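One structure is given below, encoded as structure tokens.
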Amino acid sequence: MHKIVYPSRETVEAIARAVPTPFHLYDAGMLRRRARALNAAFSWNPGFCEYFAVKANPNPYVMDILKAEGCGADCASLTELMLARAVGLHGDRIMFSSNDTPAEE
């Protein structure tokens, strides 16, 4: 198990002075480790692909990290589809799972 290390108060305050709030801090290393662990857990299944729900976090930086780890994108709107394509996901790496898609999309 990895020890979770949070940034110090001073670090967060320094970031808050430099970056407009609100903001979110992500641990890119942890995102990579968790994606790798998930892919390893299903490595027995040839062709397995985890599709990240873009609506859960439409941050292109997070999406790019997950793409680099072999994940695809689960999109439910045209905007999410556009984000997936903007980070370089195409073809069978995009799942469109909208329940109620407007005709214009």
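The values are calculated or read from the model by the stated rules, or taken from the named source; none is laboratory data. The shown structure was predicted, so the numbers you read here are calculated from the model rather than taken from an experiment. Note that we place each Cβ from the backbone using ideal geometry, even for glycine, and neighbour counts take in every protein chain shown.
Here are a few things to note about the model shown:
- Pairing each residue of segment 1-24 that is under 30 Å from Ala37 (Cα atoms) with any residue that is of a type in the set (Asp, Glu), provided the two are 6+ apart or on different chains, yields C-beta distances under 9 Å for Ile4/Asp27; Val5/Asp27.
Here is a yes/no grid of residues against (1) at pLDDT below 95; (2) of a type in the set (Phe, Trp, Tyr); (3) loosely packed, with under 13 Cβ neighbours inside 10 Å:
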site	(1), (2), (3)
Ile15	yes, no, no
Gly29	yes, no, yes
Ala35	no, no, no
Gly70	no, no, no
Ala76	yes, no, no
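- Residue tally, condition over 14 Å from the mean Cα position of the chain (by Cα), aliphatic (A, V, I, L, M) and part of a loop (DSSP other than H, G, I, E, B), over segment 75-94: 1
- When residues in segment 1-50 are screened for being assigned to a helix (DSSP H, G or I) and of a type outside the set (Lys, Arg), 18 of them pass.
- Residue in segment 54-69 that is without any contact (Cβ under 8 Å) to a residue 24 or more places away in the chain and farther than 30 Å from Pro7 by Cβ present: no
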